[in-house]
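Below is one structure, written out as structure tokens, with a few remarks after it.
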Amino acid sequence: MRRKQMPPRLIDQALSAYAGRARIETRRELASGFAQEGFGLNETQLVCMLFSPFVNQGDGLESFLRRCHPGMLVALPDLHKVLSGSTAPDQVMQWLVDISGLSLQSLQNLYGKQRVNFDDPHSIIARIRAADPDKRRIMTVDPATGQAVVEMLSGR
């Protein structure tokens, strides 16, 4: 916020909304209500959206399950079957719909899609990000390998 030259009074006001557990919980409830009212999504579905475990033939599905739903790891082969268009137990199909907030057809569509390649000069999203004046390179840790990696962070 300081880098964006926001006035100190506004920075203090923004940060005070998160001062203490009670205020953080209040903000969480507000965000949850907004997501539910505006998009019909619950917190579990929002977390699923952040992980985007279904693209690239479910490349991130196992990692998502390990972190968020370890009890479903045993169903991983069935989840891949459903997402690829094969049949699997109804409970597996229903779990996917419930956890994502998406229809089975939408999930299968995502399963066949590739992640955006930001190095592809033909990608519209990559071109938009390339022109973003607020993008920054940041160091993160790859959760799979534990190695430090550089990532591009875009937007405000």
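Descriptive notes on the structure:
- For residue 132, distant residues with modelled amide H under 5 Å away: none
- Spin-label pair residue 43/residue 56, simplified geometry with 7 Å Cα→Cβ offset, distance in nm: 2.8
- Model label points for residue 22 and residue 139, set 7 angstrom from Cα along the Cα-to-Cβ axis, are 3.9 nm apart.
- The calculated FRET efficiency for residue 114 paired with residue 12, based on their beta-carbon distance and R0 = 41 Å, is about 0.40.
- Summarised as an ellipsoid, the stretch 43-111 has semi-axes of 15, 13, 12 Å, derived from the eigenvalues of the Cα gyration tensor scaled by 5 and square-rooted, with the largest first.
- Over the chain, Cα pairs under 8 Å with separation of 6+ residues give a relative contact order of 14 percent.
- Stretching the chain fully between residue 123 and residue 86 yields a gain of 10.2 nm (0.36 nm per residue, less the alpha carbon separation).
- Distance in nm between pseudo-label sites at residue 148 and residue 130 (7 Å out along the Cβ direction from Cα): 2.9
No lab work stands behind these numbers, since they all come straight from the coordinates. Keep in mind it's a predicted model, so treat the numbers as computed, not measured. Note that we place each Cβ from the backbone using ideal geometry, even for glycine, and neighbour counts take in every protein chain shown.
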